[in-house]
Amino acid sequence: MEQAQSGDLTRLAGHELAALLRSGEVSSVEATQAHLDRIAEVDGDVHAFLHVNEAALEQARAIDERRAAGEELHELAGAPVAIKDVLCTVGMPSTAGSRILEGWIPPYDATVVARLGHAGLVALGKTNMDEFAMGSSTEHSAYGPTRNPWDLERIPGGSGGGSAAAVAAFEAPFALGSDTGGSIRQPAAVTGTVGMKPTYGGVSRYGAIALASSLDQVGPVTRTVLDSALIHDVIGGHDPLDSTSLEREWPSFAAAAREGASRGDLAGVRVGVVKELDSEGIAADVQARFQETVRVLTDAGAEVVEVSCPSFAYSVAAYYLILPAEASSNLARFDSVRFGLRVEQAGQTVEDVMAATREVGFGTEVKRRIILGTYALSAGYYDAYYGSAQKVRTLIQRDFDAAFEQADILISPAAPTTAFKLSEKLDDPLAMYVNDITTIPANLAGIPGMGLPMGLGDDGLPVGLQLLAPMFEDERLYRAGAAIEALLAQRWGGILATKAPELAGGAR
Amino acid sequence: MSEITRDDVQHLAGLARIALTDDEVTSLTSELSAIVDAIATVSEIAGPDVPATSHPVPLSNVMRDDVVGETLSAEQIFAGAPSHDGERFRVSAILGEEQ
């Protein structure tokens, strides 16, 4: 890891900052203040945050006092974290990037937020996102787009562009995201950061504002693989408040990441290259970085094989039926009665008020998907669309099962291109949807996936690698991901995130 | 597959309780037609012998013991409501005149 310049706490990896907090060299107030200063300095340009936590310093001071009193604290206690606005937070507005929830303060914390709080992490604020996580660019936020810290004219990915940009711009060492079709992994790819979508059910969805309940999964967003593992260890595990939460014992992902990084090779690891995700539609420079990465893995002892997943060709189509169908049902709760916006005129029935409220409160993409989902679920079309999409889901799971007989992990580019320009795809919803081709299969199958940097494209912007493992084998991704990160960092002289151009507002 | 008309969009928007402007109906009609053409391909490989998957990790009948847990107070619940009387959410008329 790159050594931090003296006093610049924001450049440290999360685990490095946590070590300084544990040893007492740095207080949580100092660490939190450094990140708040960084936010004040650069977030006018980046717009990663929708809300900055006014109580952050107070919470940091409380951690410092507990540490001073000799209390045994979690290894990450006192470290700052940014939270995607899809997660409910007591004391901070939780809007999911939507006008319909503007200013809404939830009455309870999401389980993942509560677990971070119990571990003593300090919430810096809420990060920007595509409205209700519908999008791949963060341009569908009702509160304006987030910009990519590598190039402010480019998108930071989506829907979790705010969390990825916050981490890439050194505004936070840790962040939380949510991944329904790639919303953690694709932003990681285009911002040179690391993001992990856990096995479905591995992390509680309680208090995560639902987009598509059979696809959504909360996960970490960081600059290093170990940092993601540390956060995953905190937020993961069974939650009785989420009926889809898995009752299993998970291994320490941080231990797996540390072991992977220290081993320094991939001897004996069978790595499958998914033929269908390394083909047309992937930009030439992304393909070139991918081929170089495959060579790095081979040189490190990995046994690379090609695997075929023929049903992946139908994954985007299946996803854009299942997601709108589930979303149209989930978003029915925004009915102007119990929370959020109400737009009403005298003499209207409650039904008129609902329709008027949803007209004003929802953005274009949300309306588009709700109406598409309503269509897919309507009588006469249900079997042909939604029913068929569920069958494709089975076929995709079978493709993964067959592939994982030949390989321990699968790899592919995490996104087909580097970050595209703001507005480039905004008027072409289909072009935006097809962009998710690499990440969607993992959500449909429920398996874990990680995005991490694998170099720079011809335009000097980050290119991401995706790792996939079988259901429940999140540990494999941390072990292999940390090994790959270490191998690439040796070539680059440090992790990619530290190579980002300095933001104009961030002159030091 | 099927062509989506303006009437379809207006009907669907009604079912989804979303009022739309004429311009929105126009743009959604053409966008939805293109999107539906693209996603209708799922039926190509969805044979009758393939079972449907609704959920990636099959779990069923996830129950808890029937005991009172921690609950939110009425005050907490109503804090985010657009209108309430302290005990109930307040809404405008449920039924229109024609009903």
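The values are calculated or read from the model by the stated rules, or taken from the named source; none is laboratory data. Bear in mind that the values here come from a model prediction, so they are computed numbers and not experimental data. For neighbour counting, all protein chains shown are included, and Cβ atoms are generated from backbone atoms with ideal geometry for every residue, glycine included.
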**OP:** Name the one entry in A:VAL294, A:VAL360, A:VAL316 that is of a type in the set (A, V, I, L, M, F, W, C), more than 28 Å from A:SER213 (Cα to Cα) and touching a residue at least 12 places away in the same chain (Cβ under 8 Å).
**Re:** A:VAL294
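Matching residues to (1) over 21 Å from the mean Cα position of the chain (by Cα); (2) in a helix (DSSP H, G or I); (3) over 24 Å from A:ARG248 (Cα atoms); (4) in the same structural domain as A:ARG185 (by TED's automatic domain parsing):
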residue	(1), (2), (3), (4)
A:ARG398	yes, yes, no, yes
A:ALA402	yes, yes, yes, yes
A:PRO416	no, no, yes, yes
A:TYR433	no, yes, yes, yes
A:PRO441	no, yes, no, yes
A:LEU444	no, yes, no, yes
A:LEU452	no, no, yes, yes
A:GLY455	no, no, yes, yes
A:LEU477	no, yes, no, yes
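For the stretch A:27-72, which positions are outside any helix (DSSP H, G or I), touching a Ser or Thr at 6+ places or on another chain (Cβ under 9 Å) and surrounded by fewer than 22 Cβ atoms within 10 Å (Cβ to Cβ)? Let's see the steps before the verdict.
Of all residues in the stretch A:27-72, those outside any helix (DSSP H, G or I) come to A:27, A:47-55, A:69-72.
With touching a Ser or Thr at 6+ places or on another chain (Cβ under 9 Å) added as a condition, the list becomes A:47-51, A:53.
Of everything in the stretch A:27-72, just one residue is outside any helix (DSSP H, G or I), touching a Ser or Thr at 6+ places or on another chain (Cβ under 9 Å) and surrounded by fewer than 22 Cβ atoms within 10 Å (Cβ to Cβ), namely A:HIS51.
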**OP:** Tell me which residues, restricted to the stretch A:41-82, are closer than 22 Å to A:GLY157 by Cα and of a type in the set (Gly, Ala, Ser).
**Re:** A:GLY44, A:ALA48, A:ALA82
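Residues are listed down the side, and each one gets a yes or a no for (1) at pLDDT 95 or above; (2) among the charged types (D, E, K, R); (3) surrounded by 10 or more Cβ atoms within 10 Å (Cβ to Cβ); (4) assigned to a loop (DSSP other than H, G, I, E, B):
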site	(1), (2), (3), (4)
B:MET1	no, no, yes, yes
B:ILE4	no, no, yes, yes
B:ALA19	yes, no, yes, yes
B:ALA34	no, no, yes, no
B:PRO48	no, no, no, yes
B:SER54	no, no, yes, yes
B:MET63	no, no, no, yes
B:VAL67	no, no, no, yes
Original post:
Restricting the search to the stretch A:81-125, which residues are more than 21 Å from A:ILE39 (Cβ to Cβ) and of a type in the set (Ser, Thr, Tyr)?
Top reply: A:SER98, A:TYR108, A:THR111
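Return yes or no: is B:THR29 of a type in the set (Val, Ile, Thr) and more than 9 Å from chain A (Cβ to nearest Cβ)? So that I can check it myself, show each step before the final result.
Numbers: of a type in the set (Val, Ile, Thr): yes; more than 9 Å from chain A (Cβ to nearest Cβ): yes.
Taking the combined requirement at face value, the residue satisfies it.
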Original post:
Among the candidates A:GLY260, A:GLY301, which residue alone is surrounded by fewer than 15 Cβ atoms within 10 Å (Cβ to Cβ) and more than 25 Å from A:GLN397 (Cα to Cα)?
Top reply: A:GLY301
Subject >> Subset of the stretch A:391-412 that is in contact with a helix residue (DSSP H, G or I) (Cβ under 7 Å, 6 or more places away or on another chain) and either at the interface with chain B (Cβ under 7 Å from one of its Cβ atoms) or free of Cβ contacts under 8 Å to residues at least 24 places away in the same chain (or both) - its residue that is farthest from B:VAL42 (Cα to Cα) >> reply: A:GLN397
**OP:** Take B:THR26 and decide whether it is over 17 Å from A:VAL353 (Cβ atoms), hydroxyl-bearing (Ser, Thr, Tyr) and within 22 Å of the chain's Cα centre (by Cα).
**Re:** yes
Original post:
Which ones in the stretch A:352-374 are facing another protein chain (nearest Cβ under 7 Å) and aliphatic (A, V, I, L, M)?
Top reply: A:VAL353, A:MET354, A:ALA355, A:ALA356, A:ILE370, A:ILE371, A:LEU372
**OP:** Pull up the stretch A:303-346, narrow it to residues that are under 19 Å from B:ILE35 (Cβ atoms) and of a type in the set (S, T, N, Q), then point me to the one that is nearest to the other protein chains (Cβ to nearest Cβ).
**Re:** A:SER328
